[in-house]
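Colleague: Structure provided below as C-alpha cells; questions to follow.
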Amino acid sequence: MEMMELEDGGANRGRKFSSVVVTGSNSTDVNENEKICSWKKLTYSVVKCSSYSSSYYPENVLDDKPKDQTSRWSSDSNTPPQYLLLKLQRAAIVRSITFGKYEKNHVCNLKKFRVDGGLSEESMVELLESGLKNDNNPETFPLKYEVNNRPYPCRFIKIIPLQSWGPSFNFSIWYVGLNGIDKLATVQPSVEQFIAYREREAIRVCLKHLRDHNHIEAFESLQKKTKIQLEHPLMTHLYNTLVLSGDYVGAENFIDQSVRDGLFQEFISLQDYKPIWFPLGLDSPDVSCNDSPVLSRPGMRGGHQMCVDSSTGIIYLFGGWDGNQDLADFWAYSISDGSWTLLSENTENEGGPSPRSCHKLLLNPVRRQIFTLGRYLDGQCRPHENMVKSDFYVYDIETNKWTLITEDTASMGGPELLFDHQLCIDDEKEIIYVFGGRIQSDRGILLESLNASLNHQAARMGVAIDRNEDRNYFPIMNRENNPQDRMAAAADNLLAHMRNVGVQIFDGQNINIDAPIQRRGFPGGDARARILRDDREPQMMDVPRAVAGEMEANNVPPPAAHGGVGGVPAGGGNNPSSLSSANSELLYSGMYAYHIPTNTWSLLRCDVSTPKPGVQSIRSRVGHSMLFHPGLRKLYIFAGQRSKEYLKDFFSYNVDMDELEIISDGQRKGECNWPGAGFTQRATIDQDLNEIYVFSGLSRDKDKRDESVQNSFWVFNIIRKSWSCIYRNDTGGDMNWFSQTVEPCPRFAHQLVYDDNAKLHYLFGGNPGRTKDPKLRLDDFWSLKLIRPTADELLKKCKLLLRNQKFEELASKDSLNALIYLQTSLSELIDHEDIEQTNEFQRLTLLLFPKDESTRKLPFDDSEEFHFLHRTKDEEQIFKRSKLFDSLVQYFPVFMTQPRVNLVNLLPI
C-alpha cells in the first residue's frame with residue numbers, strides 16, 4: 001500500500017509520517033494504490049431538499065464561507081424527515097465527507113446525522129452515522145465505500161439530520177465536501193459489478209421462493225435460463241435428501257460429516273460468548289508462625305500490576321495501593337497448583353523497585369524477564385532528590401534477581417516519570433512500546449501548579465494567554481493584551497519563581513520547559529492543590545507561595561481542584577473560566593520504543609493535544625488500553641481520559657509503517673453496540689482468534705455528571721471490526737458483595753490478565769468505589785472462561801430438529817411407531833435433568849392423541865400460523881421440511897447457502 005507523506009505542523013514538526021487509510025471492509029477489487037492516488041474532491045450539485053427557510057438555500061453548502069452566517073442550508077423545521085440530496089457529476093466511489101462550520105459555535109450544528117448513498121434515489125444504503133462537535137473546526141468522516149467486499153459506487157448522497165445541538169432548533173449545514181474517486185476506468189467496472197451482483201441476488205431470492213413453495217418446474221426453468229446456482233452443491237444435496245426424499249437418517253449423517261469437516265466453525269465464531277466466573281483461593285487463609293503472620297496470598301489493593309507466563313502457567317503480581325500506602329510485595333501464582341508464593345515481601349530491600357502503584361509490569365517470554373516502569377508519587381515525596389526520576393527495573397525469573405536498568409529513562413531519551421501509562425512488547429523484535437500516561441517530572445509538577453491560576457486569572461481579567469501545546473514551548477503571557485497592573489505583577493512573580501527553580505526564560509515571555517532544572521521542589525509554600533490518579537483519593541501538591549498569595553488575594557480557588565471518584569473534575573463544563581479548563585495543560589507522554597538488546601530508547605510520536613484538521617496525530621491519555629498484535633504488526637489503543645475528557649476513540653498504529661488507522665473517532669452513536677466512555681478499563685488480546693477483550697472499570701454515564709462503578713465485558717473482532725457485549729454488572733454501590741461467589745463485584749483499578757494457551761482470564765483486586773469506606777480495596781481472585789456453543793452441541797440441536805420433524809410425520813400416520821420413536825430415538829437426545837427440555841418432550845405426546853387437527857402441531861413449532869395458499873397434504877409436508885432446511889443451513893458458511901432473505905418480506909406494504 002502506497003503511503004501519503006504529510007508534514008505535521010505540531011509536535012512532530014519537521015517529521016514525515018504516513019496518513020491513515022480507512023476502509024469499509026478488509027478486501028477490495030480495486031487496486032488500493034490506484035484508489036489512493038486517484039482520490040480527489042468530487043463535484044456535485046444539490047438536487048433536492050426536504051425544506052429550507054428564508055435565504056438559507058440548499059445550494060449554500062457548495063461554498064465554504066465560515067465567516068458568513070448566511071452561507072448555509074437551514075431546514076424550515078426540525079420535524080423528521082429532513083434531508084439534503086446531492087448528485088455527483090458522475091458515479092464515484094465516495095471515500096469521505098467533510099462538513100465545514102461557522103466561525104463560532106452554533107445551536108443549529110448537527111449533533112447527530114446519517115449519510116446514505118447509492119446509484120439512485122430509491123436504492124441507498126447507510127454509509128455513516130455520526131455527529132459533529134459544536135465548534136468551528138471542519139470535520140471529515142470516512143464513509144463505508146465497500147459493500148459485500150466490493151467497491152460501492154454512488155451517484156447520490158443523502159444527508160439526513162437527526163438532531164441539532166440546540167433543543168428544538170432547525171438543522172443547519174454550512175458546507176459539504178466529498179472526497180473519492182470518479183476515474184471512469186476504476187468506477188465503471190465497479191458499477192457493472194454492482195449491477196450484476198444485484199441482478200444475480202434478485203434471481204437467487206426468486207429461486208429460493210419457488211423451491212420453498214414446491215414450484216419445481218418454474219424453479220428449474222429459471223435456473224436453466226439464467227445459469228445461476230442457488231447454493232453450493234452440498235446444500236442442494238442436503239435439500240434433496242431431506243426435503244424431497246424425506247431421508248432423515250441420511251440428513252443426520254450429512255450433518256454429522258459437515259461438523260467433522262469444520263463447516264460449523266464460522267457460525268460458532270459469530271456467536272456471543274457466555275461468561276463463566278469462578279472464585280479462586282477462597283480456602284487459603286493466612287497462618288501464623290512464632291506469633292508472626294505468614295502471608296499465603298496477596299492482600300487488598302488497587303492500582304497493582306499483573307502479568308502471566310502462559311508457557312509455565314505462572315501469574316506474577318507486584319505492588320499496588322492498599323488504601324493507606326504503596327506496596328512493594330511480589331507474588332507468583334501457580335495456575336496448576338492453585339497456590340500463591342511470596343517471592344519478595346519488599347523488593348526495594350532486594351535491590352528492586354520501591355513501593356509503588358499505577359506502574360506497569362510486562363513479561364518478556366523470550367528472555368524470561370519482567371520489566372516495570374513508572375509509578376505515582378504522593379505530594380510529600382515529590383520535593384525529595386531523585387524522586388521524580390523515572391527508574392526502570394528488570395526481574396530475571398530464572399535467577400530471582402532484580403536489576404536497575406537506569407535510574408532515569410529520560411536521561412536515555414526515554415519517557416519522564418509516568419503513571420497510568422501502557423506497555424506492550426514485540427517478542428520477535430524485542431521492542432517495548434510505551435504510550436500515554438501523566439508526566440510527573442519537575443516541569444510537569446511546575447506546570448500543574450501554575451496553569452490553573454494563570455488560566456483563571458486570565459479569564460477573570462480578560463488577559464489573552466497564547467498556548468501552543470503542540471510545541472515544547474509554553475507562552476505564559478502576552479503583555480500587550482494585559483493592561484492590568486496587578487496581573488502583570490503576578491506574572492512577574494511567577495516568572496521569578498520559575499527562574500528560581502532553574503527554568504530558562506526566552507524574551508521574558510516564553511518558557512522553555514525542556515531546560516534542565518537544577519533545584520528540586522518548591523521553596524516554602526503551604527498552599528496545596530489536589531490531583532488524582534488511577535487508584536487514589538485526591539492527593540495534595542505544593543503550590544508556590546507567590547502563586548498561592550496572588551490566588552488568595554484574588555479569591556481564586558486552588559488549582560486543579562477535582563471531585564468525584566477516579567479523577568474526573570466535578571463541574572466545570574465547557575466554561576473557559578472554569579478551573580477544569582486549566583486541566584488541559586497537564587503534561588502527557590507520547591509514544592516511545594525501547595530496544596531491549598541495545599538498551600536504547602526512541603521517540604515515535606509526540607503528544608498532540610489538539611489534532612489539526614487533515615493531519616493524523618495521536619492524543620496521549622491516561623487510563624487507556626493498549627495491545628500489540630504481532631501478526632498484524634499493530635498496536636491497538638482504546639479509550640482513556642485526558643484531563644476532564646473521557647475518550648472513546650479507537651485506533652491502531654502499525655509499528656513498521658508508522659501508520660495510523662482510525663477504527664472509531666469516538667463519535668459513534670448507539671451505546672449498546674460500543675463500549676461506553678470510561679476509565680481504568682483493562683484489555684487483553686488473543687492473536688490466534690483475532691479478538692480483543694475489554695473489561696470496563698469506572699464508567700461515565702452520558703446522562704449524569706458523575707461516575708459510576710459498573711463492569712461490563714466486551715469482545716472486539718479485529719477482522720469484522722465489530723463489538724459485542726457479553727457481560728454487564730452495574731449492581732454496585734454499598735451492597736454486601738463479600739459473600740458473592742457467582743461473579744465479582746463492580747470495581748475499578750483492578751488487574752486482568754489472559755492466558756492465551758488455556759483461554760482463561762484472571763482478575764485480582766481493585767477499588768469497589770464504596771462511598772462509606774473510600775479506603776477499602778479488594779483482594780478477591782477470579783478466573784473467567786468465555787464459552788461459545790460447541791460443534792457437538794450444535795450437532796445435537798440439529799439432530800433434535802430432524803427427529804422432531806420425523807416424529808410429527810410419524811404421528812400423523814402411525815401413532816404406535818411414533819410412540820416407539822419418541823421413547824427411543826427422541827428420548828436419547830433429551831437432557832432429562834433439564835426441566836424445560838423435559839416439559840417440551842412430555843408435551844410431544846399431544847401429537848399422538850390429538851382431539852382435532854388444530855392440536856396436531858409441535859408445541860414449539862414457530863412456522864406460520866396462517867396459510868393463505870391452499871396446500872395439499874404432501875405440499876404442506878414439503879413446506880414444513882423446507883422450513884426445517886432453512887433452520888439447518890444457518891449453521892453453514894454464508895457463501896454456501898441460499899439467500900437468508902425471503903422474497904415476500906421484500907414487498908412494500
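The values are calculated or read from the model by the stated rules, or taken from the named source; none is laboratory data. Remember, it's a predicted structure, so these values are computed and weren't measured experimentally. All Cβ positions, glycine included, derive from the backbone under ideal geometry; neighbour counts span all protein chains shown. The accessibility values were calculated without ligands, DNA or RNA, using every heavy atom of the protein model including side chains. Shrake-Rupley method; radii C 1.70, N 1.55, O 1.52, S 1.80 Å.
Colleague: List the residues whose amide H sits under 5 Å from the amide H of ASN364, counting only those 5 or more places along or on another chain, with H placed 1.01 Å from N in the peptide plane.
Modeller: For ASN364, the qualifying residues are GLN369, ILE370, PHE371.
Colleague: Here's another thing I want to ask about it. Under a plain spin-label model, where a point goes 7 Å from the Cα along Cα-to-Cβ, how far apart in nm are PHE169 and LYS775?
Modeller: 4.9 nm
Colleague: OK, next. What distance in nm separates the two pseudo spin-label positions at ASP756 and VAL125, each 7 Å out from Cα along the beta-carbon direction?
Modeller: Distance between the two pseudo-spin positions: 3.2 nm.
Colleague: Using 0.36 nm times the number of residues separating LEU603 and GLU430, minus their current alpha carbon distance, what extension gain do you get?
Modeller: 60.7 nm
Colleague: Further question on the same structure: Mind putting a number on the dipole of the range 40-182 about its Cα centre? Charges go on the C-beta only, +1 for Lys and Arg and -1 for Asp and Glu, and I need it in Debye to the nearest 20.
Modeller: It comes to approximately 220 debye.
Colleague: For SER51 and ILE787 in the same chain, what is the full-extension length gain: residue separation times 0.36 nm, less their Cα-Cα distance, in nm?
Modeller: Extra length from SER51 to ILE787 when fully extended: 259.7 nm.
Colleague: What FRET efficiency would be calculated for the residue pair GLN257, ASP135, taking the C-beta separation as r and a Förster radius of 56 Å, to the nearest 0.05?
Modeller: The computed FRET efficiency comes out at 0.40.
Colleague: Please compute the contact order of the range 40-182 in relative form: average sequence separation of alpha-carbon pairs under 8 Å and at least six residues apart, divided by the residue count, as a percent.
Modeller: Here the relative contact order equals 37 percent.
Colleague: Sticking with this one: Work out, step by step, the length gained on full extension between GLU59 and ASN400: first 0.36 nm times the residue separation, then minus their alpha carbon distance; give nm to one decimal.
Modeller: The span from GLU59 to ASN400 would gain 115.5 nm if fully extended.
Colleague: Dividing the convex hull volume of the Cα atoms of the range 40-182 by its residue count, what figure in Å³ per residue is obtained?
Modeller: About 95 Å³ per residue, rounded to a whole number.
Colleague: Follow-up. With every protein chain in place, what's the accessible area of GLU808 (1.4 Å probe, Å², nearest 10)?
Modeller: Taking all protein chains as shown, GLU808 has close to 20 Å².
Colleague: Okay, moving on. In the range 794-810, which residues have a backbone nitrogen under 17 Å from the label point lying 7 Å from SER825's Cα in the Cα-to-Cβ direction?
Modeller: Those under the cut-off are 796-810.
Colleague: Among the listed pairs LYS274/LYS797; LYS144/LYS721; LYS360/LYS721; LYS111/LYS721; LYS721/LYS799, which are separated by more than 22 Å between their Cα atoms?
Modeller: In this structure, LYS360/LYS721; LYS111/LYS721; LYS721/LYS799 exceed 22 Å between Cα atoms.
Colleague: Mind ranking GLU201, GLU121, GLU828 by accessible surface for me, highest first, 1.4 Å probe?
Modeller: Ranked list, largest accessible area first: GLU828, GLU121, GLU201.
Colleague: Could I have the simple spin-label model distance between ILE276 and VAL107, label points 7 Å from Cα toward Cβ, reported in nm to one decimal?
Modeller: 5.7 nm
Colleague: A follow-up question, please. Assuming R0 = 22 Å, what is the FRET efficiency of GLN69 and GLN89, from their Cβ-Cβ distance, to the nearest 0.05?
Modeller: 0.15
Colleague: Please calculate the 1.4 Å probe accessible area of ARG619, with all protein chains present, and give it to the nearest 10 Å².
Modeller: Rounded to the nearest 10, the figure is 50 Å².
Colleague: Between GLU350 and GLU407, what's the calculated FRET efficiency when r is the beta-carbon distance and R0 is 22 Å? Round to 0.05.
Modeller: Efficiency, from the Cβ-Cβ distance: 0.85.
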